[in-house]
Structures are given as C-alpha cells and as structure tokens.
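Okay, so here's the structure we're looking at.
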Amino acid sequence: MLKKKIEDICNRQIEREGFSSNLYLAMASWAETSGYSGVAAWFYVQAEEERIHMLKFIKYMNERGGKAIVPAFKKPASDFKSVDDAFNEVLKHEEFITASINEIVALTLEEKDYNTHNFLQWFVMEQVEEEASVRTILDKVRLLGKDNMYQFDRDIMSLRTPSAKAQPAT
Ligand SMILES: [Fe+2]
Ligand SMILES: [Fe+2]
C-alpha cells in the first residue's frame, strides 16, 4: 500500500505534470497562430510528453494500491510576448518541476518508500534532460537574435532530444 503522505504528494505531481501539458499546449496554440509552425510542433510534442509523465504517475500509484486523482487544472496563459519569452517561461517551469520531483524523492527516503524512490529515478534523469534541452534552445535563440526567428523556427525540431533517449536502456 502506498502511504497517505506519498499518495498525496504523487497526486500533487499529477496536477503539475498535467498543468505542464496544458501550458505547452497553450504555447503550441500561440506559436501556431503567430506564424511559428516549427515552434508549435516542438510544443505539441512537449505537451504529449508531459501527458505521458502524468500517466506514469497515475499508473504507478494505482498499481501500488494508491488512488490517483485527476484534478482540475489552472488555465494557462494564452498569449506570450515572444518565442524568447515563452522559452524563458518553460525553463522557469521546468526548474519548478525539478524541485517538485526532488521533494518527492526526499519524502520517499524519509518514509523509507524505496519502491517509489526507484520509480522516481526516471523522472530525475528526465528533468536533467529537459532543463538541458531548454537551455540549448535559449542559447540558440540568443545566438540567432530576434531577426532570425525564421531560421530558428525552421530548425527547432532538429534540437529535440529523441524522448527514447530518456527511456531506460533495454
Ligand atoms: Fe514532466
Ligand atoms: Fe517537463
């Protein structure tokens, strides 16, 4: 059985992963209607990945005798100032998610829940990759400058780390 404290904090994470998915979906829609089809494609894929993160928590909790709760999500912004601005927001958000995952890791040690601790290791590595990939994108945006957004938009999908890399090696 999943301890109540662990169940609660995992349910909190379900909300955060689901919100991440909606936030990136909102960014995708903004980018698509602002002429950035490449950026939109990047965010659509990212939104799917976050939904998968949420599902991983749901499946894990239910499998361990807990109960995953699907919450209401806060409405994300629908407009962003610029591509640069949106990705700065993504970086801040991913740093928040990393801290959130780390809090759960710390609690699993406190509660001696080694199964959940093990389950979380995939997320720990995933956050390293996500932050690194957003920093690379921000570097490129800076290098190219505001006048070269056409080029950035054309090339952004080539910066995607295949999500397969984040999966445990088989
Ligand atoms: Fe995530
Ligand atoms: Fe993420």
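May I ask for the angle, rounded to the nearest 10°, between helix 37-63 and the longest principal axis of the chain, with both axes built from Cα atoms and the value confined to 0 to 90°? Long axis of 37-63 versus the principal axis of the chain: about 0 degrees. For the chain, the carbon plus sulfur part of the accessible surface works out to 55%, probe radius 1.4 Å. With respect to the chain, whose longest principal axis is taken over its alpha-carbon atoms, helix 4-32 is tilted by about 10°. Overall, the anisotropy analysis places region 71-144 in the oblate class: the square-rooted eigenvalues a ≥ b ≥ c of its C-alpha gyration tensor yield a/c not less than 1.5, with a/b not exceeding b/c. Cross-link partners of K67 among aspartates and glutamates, defined as those whose alpha carbon lies under 16 angstrom from its own and excluding same-chain residues fewer than eight positions apart: E7, D8, E15.
Computed across the chain, the Kirkwood radius stands at 16.9 Å (inverse of mean 1/r, all Cα pairs).
A simple charge model with +1 on the Cβ of Lys and Arg, -1 on the Cβ of Asp and Glu and nothing else charged puts the dipole of region 1-122 at about 520 debye relative to its Cα centre.
Its relative contact order, with pairs defined as Cα atoms under 8 Å and 6+ residues apart, puts the chain at 27 percent. Accessible surface ranking for M27, M149, M1, 1.4 angstrom probe, highest first: M1, M149, M27.
Once the Cα atoms are used to define both axes, helix 114-144 deviates from the longest principal axis of the chain by about 10 degrees.
The values are calculated or read from the model by the stated rules, or taken from the named source; none is laboratory data. What you see is a predicted model; the values in this text were computed from it and never measured. Methodologically, a virtual Cβ is constructed for each residue, glycine included, from the backbone with ideal geometry; neighbour enumeration extends over all protein chains shown. For accessibility, only protein heavy atoms count, side chains too; no ligands or nucleic acids. Shrake-Rupley method; radii C 1.70, N 1.55, O 1.52, S 1.80 Å.
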